[in-house]
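What follows is a set of notes on a single structure, which appears directly below.
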Amino acid sequence: MRTQRIITILLALACCTGFARAQHESAWSKYKGLLWSALHGLDYEFRAGVNIGGTSPLPLPEEIRSIDGYNPGLALSIEGNVTKWLDKRQKWGVALGLRLETKSMDTKATVKNYGMEILNDAGGRTAGLWTGGVKTKVKSSFLTVPVLAKYRVSNRWQVSAGPYFSYMMDGDFSGQVYEGHLRTPDATGSVVNFTGDNVATYDFSDDLRKFQWGVQAGGSWNAYKHLTVHADLQWGLNDIFKKDFNTITFSMYNIYLNIGFGYEF
Amino acid sequence: MKRFSLSLLLSAILFASCIQDEAPNVEAAIDGCNGNGIYSLTIDNLAKTIEVYVLDDDKQQELLFTLPEGATIQAATSAPGDNPPVYDFSGEDIRSFVVTAEDGLTTCTYRVRLNKLILPTRYGFETLKQPAPYHIAYVGGEAGIIEWASGNPGFQLTGMGFTPEDYPTVQIMEGKQGRGMRLQTRDTGSFGQMVDMPIAAGNLFIGSFDLANAVGAPLESTHFGFPFTRMPVRMTGWYKYRSGGETEMLDAGKPVVRDDTGDIYAVLYEAPTTDYSLDGDLFPIDGRPINEHIVLMARIPKTEETDQWTRFDLTFEAVEGKTVDRQALAEGGYKLAIVFSSSIQGAYFRGAIGSTLWIDEVEIECE
């Protein structure tokens, strides 16, 4: 399902950019195309990159005792954006983009008294406090609109910063607990030991928030005439979980670095 | 590109340095208890009660509690004869103990009762100690009670018990006489699959169920038996049985597909220490011999399928090469385990979902 949806959106995006280019090409003769754009202070760019980072509480709550493993996974992003330069020297501008991206990570951590619920397929749940190992897998796809202020530092260097708004199309937040004990249903409940091969899985995918936003800041460098390389830090500012989700007692945020290259038309 | 790897490195350092100081533990509970002269013990973490069973009249009882890391325990009101871990029960049979978590904020009060009880020998399953979330039947009366233990607390973990009737072991209104018990092998859902325990047989036994081991070492979670000082001769009672159908069992370690059957038995066994009890592995299915401490055994040859109350009358027979030392018997050196199960290999998570054993009016006849 997810891949299908991504492919559909990719195709739609490709069509759009293709259409835009076709328009440019036909416009080239009529309106002197890019020259017209340039005169009106408009730049177009197409970007591809990877997201590396984590979905993490900030600061790490005292429940998390150690991070024992981390794997960023392959999280790709593609983006089309347009920059409107505001002054004649084209120092200052605003950029609006549309980015299709995945944010993912796998972690292993040791926790102490970590609030959790184990769900079963019949709708039943076992709540408690977990002390021991936790594996977490996060993978979410977003349609993101960044709205950025841009500043041209030099001919080759640009820096940008501003908010972004994301719509989560598909999200997975799941994992398992191992080697430890569950205190159920609360701090004064019974202890249940998990040893060796005993694991319990959890899945909070349905509790992820659809609308997420944050700020991003970064820079890009013109490596070659049309080729740019960029790095942007994206810092989520609202909890990835819905308001009424209390199983995980702390808020978690998406903090990812997007690095990649782009083509400037 | 150097800049990128640098920022990656920086963020890694940032995350690593973010681990906060360890907070004091919030857990406050009694996870276990033992002590000199304790023969049996039932901890009820729902009702926050502990029943301690002893055989002598000594009211100075040693209680060594197993607590969560950092937690402390104190008698709610001190008695003159208290000298922890020895507590004075001469004034009252029930003492309250307050557990305080390491954080000093979470507290929990348990009522500990010292029982000097003789196991009754007639069981009608008429009364419940606890009606929800699952049934707990008991024997005894004013002087104190002995719980009929079951795997119900373990089943609660699966999240499959929405009502008390969903649990494997329940009391029913229509017994042979008055109320009775129904044991049914249940599906443990996705939780059970996850921990390799796809079924939960309905079981009922004199003893205690240790939830702590229910997932990690399930055979060790059932503690069968209660001190018994008389010579048992027969176990009688009434049952009905319905098999859930074919299931894969082990016969001396070899897999065989058979119709599921239930199990009804009582064993008298030597207790090398007062706190020793048989666990779920007393009749191994992998070819090992039965538990070496078993001396007398009364076991139904087969629970025949029937929807009519059917009488069973089982004679205690000596295990080959074993005899009962009468003096040791009188002094509390033996324990009696009475066990019912809807699936004969249920302890090993083998059994057909739906297998049902109804039991009522059980009696142990003694010399």
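Filtered by the rule that a residue be surrounded by fewer than 23 Cβ atoms within 10 Å (Cβ to Cβ) and within 11 Å of B:Gly351 (Cα to Cα), the stretch B:251-269 gives B:Val257, B:Arg258, B:Asp259.
Only residues that are crowded, with 21+ Cβ neighbours inside 10 Å and more than 9 Å from chain A (Cβ to nearest Cβ) were counted across the stretch B:176-196, and they come to 7. Looking at the stretch B:140-158 only, could you name the residues that are without any contact (Cβ under 8 Å) to a residue 60 or more places away in the chain, away from chain A (no Cβ under 13 Å) and within 18 Å of the chain's Cα centre (by Cα)? Matches in the stretch B:140-158: B:Gly140, B:Trp148, B:Ser150.
One residue stands out among those in the stretch A:61-75 that are assigned to a loop (DSSP other than H, G, I, E, B) and either within 17 Å of the chain's Cα centre (by Cα) or not assigned by TED's automatic domain parsing to the domain that holds A:Gly132 (or both): the one that is surrounded by the fewest Cβ atoms within 10 Å (Cβ to Cβ), which is A:Leu74.
Per-residue answers, yes or no, for (1) more than 24 Å from B:Asp31 (Cα to Cα); (2) assigned to a loop (DSSP other than H, G, I, E, B); (3) more than 17 Å from the chain's Cα centre (by Cα):
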| site | (1), (2), (3) |
| --- | --- |
| B:Val112 | no, no, yes |
| B:Ala137 | no, no, no |
| B:Val170 | yes, no, no |
| B:Gly175 | yes, yes, yes |
| B:Ser190 | yes, no, yes |
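Checking B:Gly237, B:Gly245 one by one, the residue that is crowded, with 18+ Cβ neighbours inside 10 Å, in the same structural domain as B:Glu305 (by TED's automatic domain parsing) and not basic (Lys, Arg) is B:Gly237 and no other. Of the residues making up the stretch B:244-269, those that are farther than 15 Å from B:Pro284 by Cβ and either touching a Phe, Trp or Tyr at 6+ places or on another chain (Cβ under 6 Å) or among the small types (Gly, Ala, Ser) (or both) are B:Gly244, B:Gly245, B:Gly262, B:Ile264, B:Ala266, B:Leu268. Checked against the criterion of being within 14 Å of chain B (Cβ to nearest Cβ), in contact with a strand residue (DSSP E or B) (Cβ under 6 Å, 6 or more places away or on another chain) and either in a loop (DSSP other than H, G, I, E, B) or touching a residue at least 40 places away in the same chain (Cβ under 8 Å) (or both), the candidates A:Thr55, A:Thr144, A:Thr83, A:Thr102 yield just one match: A:Thr55. Filtered by the rule that a residue be assigned to a loop (DSSP other than H, G, I, E, B), at pLDDT 85 or above and in contact with a Pro (Cβ under 9 Å, 6 or more places away or on another chain), the stretch A:240-257 gives A:Ser251, A:Met252. Can you tell me how many residues within the stretch A:165-212 are more than 8 Å from chain B (Cβ to nearest Cβ), crowded, with 16+ Cβ neighbours inside 10 Å and touching a Leu at 6+ places or on another chain (Cβ under 8 Å)? Qualifying residue count, the stretch A:165-212: 8. Got at least one residue in the stretch B:276-291 being under 17 Å from B:Ala337 (Cβ atoms), within 14 Å of chain A (Cβ to nearest Cβ), of a type outside the set (A, V, I, L, M) and buried (at least 21 other Cβ atoms within 10 Å of the Cβ)? Within the stretch B:276-291 (the criterion being under 17 Å from B:Ala337 (Cβ atoms), within 14 Å of chain A (Cβ to nearest Cβ), of a type outside the set (A, V, I, L, M) and buried (at least 21 other Cβ atoms within 10 Å of the Cβ)), the answer is no, since none of the residues qualifies. Kindly indicate whether B:Gly161 is within 9 Å of another protein chain (Cβ to nearest Cβ), without any contact (Cβ under 8 Å) to a residue 24 or more places away in the chain and either out of contact with any Leu (no Cβ under 8 Å at 6 or more places or on another chain) or closer than 25 Å to B:Lys335 by Cα (or both). Criteria not met by B:Gly161.
The values are calculated or read from the model by the stated rules, or taken from the named source; none is laboratory data. The model shown is predicted, which means the values in this text are computed figures rather than measured ones. Please note: Cβ atoms are built from the backbone with ideal geometry, for glycine as well, and neighbour counts cover all protein chains shown.
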